[in-house]
Amino acid sequence: MKNNYYKGIVPIYSYTNAYIFKEKVLSDNKNKSGIYKWVNNINNKCYVGSSFYLYKRLSKYYSVNFLTKEINRGSSTVYKALLKYGHSNFRLDILEYCDKESLIKREQHYIDLLKPEYNILKMAGSRLGSKQSLITKLLIADSLKNRYRKLEFSRVKVLDIDTNILQYFANNLEAAKYLGVSVRTLGRYKSNIKILKKKYLITNNRSISYK
């Protein structure tokens, strides 16, 4: 049976009733980056995920509108389970806090170890129903193989902080069109390193190493 100490894992936090402890879940995880696990207390099935911004990511799990919208898009078994069983029948574990650079690698470690039933796709950084570009898939594959690779053919990097998915664009115009903003607006958010539309982080990309 999966429990708080399954396979020797001791969570940093374990909220036995996700509904009752909602406010504590959100307050404990402000300004944190790390790995989390949802556990169905009825059937012990679980889901492992990660986020650069845990507060923002976990908040979405408590939004019925968000869960319903994602389900209608054909996304995520764990969303369906949360609506079916209710948050009161789920435990939420914070498995570890880690820096952004090692987030995907650590998430994959727990997916491989726990084999979570609600993770339909077994590759960290992937989402059911998401349309990943070839470059995103290559980046994830390289990080899992613990190899170095330099990407020098793109100037603009766009990170979706909700999904941890990276998109690369040859210039500001392409990135601006993708995001639905003007080149001027994109440049302002990129130069000030601000979050655009509450989910996109934009930076220049000249040479990035993954391992």
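Just wondering, is there one or more residues in segment 30-38 that are modelled with pLDDT of 95 or more and touching a Pro at 6+ places or on another chain (Cβ under 8 Å)?
The answer is yes, given that some residue of segment 30-38 is modelled with pLDDT of 95 or more and touching a Pro at 6+ places or on another chain (Cβ under 8 Å).
Which one of Lys32, Lys56 is of a type in the set (D, E, K, R) and under 12 Å from the mean Cα position of the chain (by Cα)?
Answer to the selection: Lys56.
Quick one: how many residues across segment 81-118 are surrounded by fewer than 16 Cβ atoms within 10 Å (Cβ to Cβ) and within 15 Å of Ser14 (Cβ to Cβ)?
Selection size over segment 81-118: 1.
Within segment 139-156, is there a residue that is in a loop (DSSP other than H, G, I, E, B), of a type outside the set (Gly, Ala, Ser), modelled with pLDDT under 80 and touching a helix residue (DSSP H, G or I) at 6+ places or on another chain (Cβ under 6 Å)?
The answer is yes; a qualifying residue exists.
Which number in (1) of a type in the set (D, E, K, R); (2) modelled with pLDDT of 95 or more; (3) under 28 Å from Leu166 (Cα atoms) marks the one condition that Lys105 misses?
Unmet for Lys105, out of (1) of a type in the set (D, E, K, R); (2) modelled with pLDDT of 95 or more; (3) under 28 Å from Leu166 (Cα atoms): (2).
Among the numbered criteria (1) modelled with pLDDT under 85; (2) of a type outside the set (Val, Ile, Thr); (3) out of contact with any helix residue (DSSP H, G or I) (no Cβ under 8 Å at 6 or more places or on another chain); (4) assigned to a strand (DSSP E or B), which single criterion is violated by Leu159?
(1)
The values are calculated or read from the model by the stated rules, or taken from the named source; none is laboratory data. Note that this is a predicted model, so its numbers are computed, not measured. A quick note on method: Cβ atoms are made from the backbone with ideal geometry, for glycine too, and the neighbour counts reach across all protein chains shown.
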